[in-house]
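Beneath this line is the structure, given in structure tokens, with notes to follow.
The values are calculated or read from the model by the stated rules, or taken from the named source; none is laboratory data. Values in this document were obtained by computation on a predicted structure and should not be read as measured data. Here the Cβ positions follow ideal geometry from the backbone for every residue, glycine too, while neighbour counts run over all protein chains shown. These accessible areas exclude ligands, DNA and RNA; they are computed on the full protein's heavy atoms, side chains included. Shrake-Rupley method; radii C 1.70, N 1.55, O 1.52, S 1.80 Å.
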Amino acid sequence: MADDAYSDFSGTKKKTSEEAEKRREKIKPGSLMKATVLSGNGDAKPSDDDQVIFHYTVRTAEGAVVYSTRTEYGGKGKPQRLVLGKSKMILGFAEAFPTMLKGEISIFKMKPEIHYAEEDCPVQTPDGFPKDDELNFEINLLDFSKSKVIREDFGVVKTAVSEGQGWESPRIPYEVTARVSASTLDGKVILPSKEEPYFFTFGKSEVPEGLEIGIGSMTKSEKAKIYATRDYLSKSTLMPSVEGLEEVLFEVELVHFIQVRDMLGDGRLIKRRIVDGRGDFPMDCPLHDSLLKVHYRGMLLNEEKTVFYDTKVDNNGEPLEFSSGEGLVPGGLEMAVRLMLPGEVCSVTCPPDYAYDKFKPRPDKVPEGAHVRWEIELLGFEKPKDWTGLTFNEIMEEADKIKNTGNRLFKEGKFELAKAKYEKVLREYNHVNPQDDEEGKIFVNSRNLLHLNVAACYQKLGECRKSIEWCNKVLDGNPVHVKALYRRGMAHMQAGDFEEAKLDFEAMIKFDKSSEPDATAALAKLKLKEQETEKKARKQFKGLFDKKPGEISEVKSDSPDVKDPRDKEEIESENLKDATNSNPSMQRDAEFAFEGQGVGFFGRIFPSARRVFSNLGINRCSVL
């Protein structure tokens, strides 16, 4: 074609990224020319994030074809697809497509520096390709639409045909109902469209991997096209044969999906939604501690499917009302209800340890070790009271209610739940601003007590280091806080840090004479614990250092009548408890004192050396 048949349009597409702008500087007047052969339809043109599907043919200035996607010019007949702004492409393509309409055919004359001879060109050519010549690109833009690149290698790309409902998408192990058809990009039908939808379970390889990945980005009732390359065309029951397929276009309508959640990640506690609820998941779920109202039916997973409780029968038809976060129902049931929407009905299969093995009272018809299933309907819930707009006194009253619940849970031995209550109040305290000194004093005292209660929970849970950290939150602001010193000393003693514990107990006497009885009792307990630890160590290492050089002495256990040193330690711990109980002053806050964390004897005798080894990453020592 004659040069005057081309129009110069260099510089018409503005790029936002610095890299794109730098590439565009290579376009000089006359280096990219366009001639329209066949006009397109409409007035919309591709832009960034649009996927373009096109055929193209590359010719030399003399008209010789050097490459084509069309069969009549030796190509495979398969159209090309690229995502503008994301796919690797020659600079000429990046500037050409934004000027085209759907269905348009145009010829672009490109200088070498804006096609394959561009410096640092992201697209490679085979040997012998005339990349240093001026070339003509005949492009037929078949289609374009907004796309979502789901895999970075562009192996799975989705273009939405119509929007869906809500925002939730299916994932493993959801159950999906969808209408699916499949074809190659050149129109060859692989899987014909059917009115009857296809049912499959996510994660079970029942559909090709690329299709499953694409559906995982869709919402209910959405229609979309999903493009999957060969690497994502795994064999499946839907498409048992994928031999010879380079790329497949799936047309999908996501009819429905059932939320199935693996609550523990090991397949033991499964929640399956039967009836959809009202609202959006999870924003409208009772995730926080709330007053819940449910109907439920419980059955054993035995051959008879024995029903052991039904609120509609055994509770005179009345629903069960309970507050979450207080251990009033089995853990598995509460976990499921927290992820339900009002009006939702679900089925929950639960293992014994999340059903009734750790819950009291156990229903008469539920034997130990029983797997159960609950059918639950969430009728509604009351959200926790919002503290916004409350006076300081009203806030402290609400805090006391939650704290008292935590105290009850602590006494019942439900330390994790108790800790959660204390921490909830502390989070709310981040938004409380006392207005005068009197309110400030009340606020600080309340916050300190909550910190110490959290420390007590961690101590009961055997996490002494975290207990010490929470005590330090109080002592950092008030180094003479006697109760914090006492609790930290007990945590140090439990951790085997005897010197640190001694310093804390002695500091109690120094700062507050009235605490001397408690501190003295604690020091006596500490001394007894040190003595018993040293005695145990001497027995365990008896004769170890009596051997001559070159001989190896075996480390002996405590005594013949004690099979495991831990058994002896438990007995000795009881003696320590007796020592505590014999002194009434040490019984104060007794619920916060506990025994046994399993610190090694070496750490008990040489706590500073134990910390050195720990910092070096050496947690155990073998003595020969």
Does region 94-160 come out rounded, prolate or oblate, given a ≥ b ≥ c as the square roots of the eigenvalues of its C-alpha gyration tensor, rounded meaning a/c under 1.5 and, failing that, prolate meaning a/b above b/c? oblate
Mind listing which trypsin sites (Lys or Arg not before Pro) in region 324-397 are in a DSSP loop and have 16 or fewer other Cβ atoms within 10 Å? Lys358, Lys365, Lys385
Expressed in nm to one decimal, what extension gain is obtained for the pair Asn478 and Asp386 from 0.36 nm per residue of sequence separation less their Cα-Cα distance? 30.0 nm
Loop-resident GluC sites (Glu not before Pro) in region 175-238 with no more than 14 other Cβ atoms inside 10 Å, DSSP not H/G/I/E/B, are Glu195
Over region 151-256, what is the relative contact order in whole percent, taking alpha-carbon pairs under 8 Å and six or more residues apart? 38
Rounded if a/c is under 1.5, else prolate if a/b is larger than b/c, else oblate: which is region 186-228, with a ≥ b ≥ c the root eigenvalues of its Cα gyration tensor? rounded
Between Lys411 and Lys441, what FRET efficiency follows from the Cβ-Cβ distance if R0 is 35 Å, with the result rounded to 0.05? 0.80
Once the whole set of protein chains is in place, how much accessible area is left on Arg278, using a 1.4 Å probe, in Å² to the nearest 10? 140
Among Ser181, Ser514, what's the order by accessible area (1.4 angstrom probe), most exposed first? Ser514, Ser181
If amide hydrogens are placed 1.01 Å from N in the peptide plane, which non-local residues have theirs closer than 5 Å to the one on Val66? Val58, Arg59, Thr60
Could you provide, to the nearest whole Å², the per residue accessible area of region 196-329 with probe 1.4 Å? 47
From the Cα centre of region 97-166 to that of region 367-408, the distance in Å is 57
As straight-line cross-link partners of Lys22, the qualifying lysines (C-alpha separation under 29 Å, not fewer than 8 residues apart within one chain) are Lys13, Lys14, Lys34, Lys45, Lys86, Lys88, Lys102, Lys109, Lys111, Lys131, Lys146, Lys148
Is region 366-489 rounded, prolate or oblate when judged by the Cα gyration tensor, a ≥ b ≥ c being the square roots of its eigenvalues, rounded requiring a/c under 1.5 and prolate requiring a/b larger than b/c? oblate
Do you know the relative contact order of region 261-344, to the nearest whole percent, from alpha carbon pairs under 8 angstrom that are 6+ apart? 40
Defining a contact as two alpha carbons under 8 Å apart and six or more residues distant in sequence, what relative contact order in percent does region 309-403 show? 24
Find, among the GluC sites (Glu not before Pro) in region 233-314, those assigned to loop by DSSP (not H, G, I, E, B) with at most 10 other beta-carbon atoms within 10 angstrom. Glu243, Glu303, Glu304
Can you give the accessible area of Ile150, probe radius 1.4 Å, in Å² rounded to 10? 40
Calculated FRET efficiency for the pair Lys146/Leu191, C-beta based, R₀ 25 Å, to 0.05: 0.50
